[in-house]
Every structure is written in C-alpha cells, then in structure tokens.
C-alpha cells in the first residue's frame, strides 16, 4: 500500500484589513513618526506608552454603548480568567484610565503624546485598515482655551513640517458648555422627530440617544434634513461664546488659518467647547487627516474627578499617503571593495563611518564590480572604493553620480574622517 500523496501546504495570507508596509511606504511611515516625535518635544509633551488592550469597560463606558465603535467594531475577547478584554480602538480612553489609576493627577495640567497600532473591525478602504496606526496628543487637567490653541498650533506645525499642509484646511466648531449643548440637543430631538420617518435607519436609532451624530450622517436620505437642522450658535451661552472667541483669537495670533464648520460635531455627551478636523480632498472620501476636541466629562465617566481635557489624533497611514507625494532623498555612501580580499577592510571602514553618522550601503554578495549598479538602485549616489593599502595615498577613491551640495558635503565629511592623505587626489 502506497503512502497517500502529501497535500500541498496552503500559503498563509495576511488578515483582511491589515497591511505589510515596505520600501518607500515604510520610509514615509517612519518619516511621519520621526517628525511627530520632533514636534512633540518642541511643545514639551511627555512621551507615554500604553497597553494594546484594556478591560472592555474602559472603552464601552468612555465611547458609549450606542456608538458604532462599541456596538460593531471592537475586537473583544474573553481571557483565560474569564475577563472581557478589548484591543484598543483609540488612545484617549486608555490615557484617561491611566490618569486615574497611575496617579498622574499630580502632574496636571499634563501634556502627553504617544503613537502606535489601534484595532477596529470595519470595512477596509483607502487609508482605512482594521489594524491602523495613530499619533495622539492630549492635554489633561487644563480647562483654559489656551490649551486648545496650543494643541491646534502643534497640529498645524506638524502638517507643515511634514510638507503636506497645502490643500489641508482646519475646520473648527464649538459644541458649547454643558447648558448650551443640552439646549441644542433638545432642539435637535424636537426637529428630527418631525422627520423621523424619512431618516435613515441609523439616524432613527440615534434620534433619542445621540441626535448630534445625525448631523454627521453621510447617508443621502439624511442630507435634506441635516441642512436645515438647528445649529449650535442659536444656543451658545455668553461663557461658551467667550471660550470659542479666545480659541479663534489665539489661532489668529499664531497665524493658523481656520474655517468655521457649524455642523462639525462630536456625538458623546462628555465633549464640550472646541471640536476640529484638518481635512483634505487628496484622499478621496476619507478626507480627515487629524481631528479632536475638548472632552471635559470623560474622566468623570470612568469614575475619576472632574478633569477638563482636550486632545487630537491623526492616522499615520493617511499622513504617510500624503507624505509619499513629497520627494525625500537622503545621501548615502556605497562602500565597494575593489577585490574579494578587501571585504574585511571594507566592513571596518563602513563601521567607522557609521559610528561617525554617515549612512552607508554595503552588499553581501555579487561581483564587487557589479555592486555599484545595485547600490544606485537602492539610492546610494556616492561610492567609496576601498583599495589595497600598498599605496597609502591611493587607499580610497570617492565618486558621485551627482554634484549636489549634499553629495559634495558628504564627500568632504568622509575624507575628513578617513584622512585626506589616503585619497588619490
């Protein structure tokens, strides 16, 4: 009896809604993170690292049971101890939990920043994934409008330093204080009840529990009614008007352009005052690249003391898609031994130059004479040829395919490090 024919092993595939980031895309991703780290240091935001999962109640209590994130999109599971845990769908709730449990109140007002992966089970599309990555910046324990201004100026500077601010608009609104928001909410419920039968199913479900979110509906059935719905300006208290005026005056003083968006909302009850989004038409339907607002009631929702706070988040993938349109070339140096017996010497030279901060390209195989082709295809436009030590004055030779200032400066640095007397000049 012959052995059964072995079945071919199925090649594993990536999970839908995830991505493997490589090459230029990975460089753009890294550039976004590096720029964010540089900018957050300018504004003295403390770096924090957060758990990738929390108790499910952290998110269900903070985001609200009726939101799509909680009802449809969270990756929740029961651990071996029988406790319900959830992969974080956003950063703010976890940061608020840490503020309460880790004693961060002593540092208030606390400015913190972080970045990393988040998880939501939603329909994948351009710039939107089930595992995605965000930048996040928060000021916790500051109720002054100046905190809102600082975060918005920081966000504006980030986009400018990434080189993607052209075509990006800051859309700004106020949700008012608690009394203003409650009055607006009551008016919205009354207005939408008169049109309930014509609203989309989602908006009908939101009518009593979360009517502000109807204003943000993308369903064409809702558009005729959202256009004529009551706006927040009709209900703003004097205090709320003064707060928003201080925010807009601060932005004007800092030279940050903004556009009023009276229909821009945040549906959860703990949001107050400032709401904002930086939007672009360069990413199709998913036009928001950075957004946030003031959430003065969140920490109370999680069982902590009344603590005003404001923050924003930005999708790294979306920012990287915009950055990908910006050409970025960093000069690199190919280290090329002229014969096989010079491999060790070339490795030693590369190590010396890298320790001095020179980016070096090296190869592990191929004929030494063919390596330059591979080096140039990998972005190394200058080459250092390593020769025999028999003639010390011609031990190295440096060449470049361009004469840009960067390449010339690179050559000068290399010669200074290795010694000009070792080059055949």
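The values are calculated or read from the model by the stated rules, or taken from the named source; none is laboratory data. This structure is a prediction, so every number in the text was calculated from the model and none was measured. Virtual Cβ from ideal backbone geometry, glycine too; neighbours counted across all protein chains shown.
Given the conditions (1) surrounded by fewer than 16 Cβ atoms within 10 Å (Cβ to Cβ); (2) within 30 Å of residue 295 (Cα to Cα), which single one is not true for residue 40? In the conditions (1) surrounded by fewer than 16 Cβ atoms within 10 Å (Cβ to Cβ); (2) within 30 Å of residue 295 (Cα to Cα), residue 40 misses (1) alone. The number of residues in region 254-284 that are surrounded by fewer than 19 Cβ atoms within 10 Å (Cβ to Cβ) and either out of contact with any helix residue (DSSP H, G or I) (no Cβ under 9 Å at 6 or more places or on another chain) or not in a loop (DSSP other than H, G, I, E, B) (or both) comes to 6. Number of residues in region 149-190 that are touching a residue at least 60 places away in the same chain (Cβ under 8 Å) and crowded, with 17+ Cβ neighbours inside 10 Å: the value is 24.
Report whether or not residue 372 is closer than 29 Å to residue 23 by Cβ, in a helix (DSSP H, G or I), over 34 Å from the mean Cα position of the chain (by Cα) and not assigned by TED's automatic domain parsing to the domain that holds residue 27. Yes; evaluated as a whole, the condition is true for this residue. In region 70-90, the qualifying residues are those that are touching a helix residue (DSSP H, G or I) at 6+ places or on another chain (Cβ under 8 Å) and assigned to a loop (DSSP other than H, G, I, E, B), and the one that is surrounded by the fewest Cβ atoms within 10 Å (Cβ to Cβ) is 90. The residue that is nearest to residue 17 (Cα to Cα), among those in region 116-151 that are part of a loop (DSSP other than H, G, I, E, B) and touching a strand residue (DSSP E or B) at 6+ places or on another chain (Cβ under 8 Å), is 130. Considering 54, 34, the condition of being surrounded by 13 or more Cβ atoms within 10 Å (Cβ to Cβ), free of Cβ contacts under 8 Å to residues at least 60 places away in the same chain and not in a loop (DSSP other than H, G, I, E, B) is satisfied by 54 alone.
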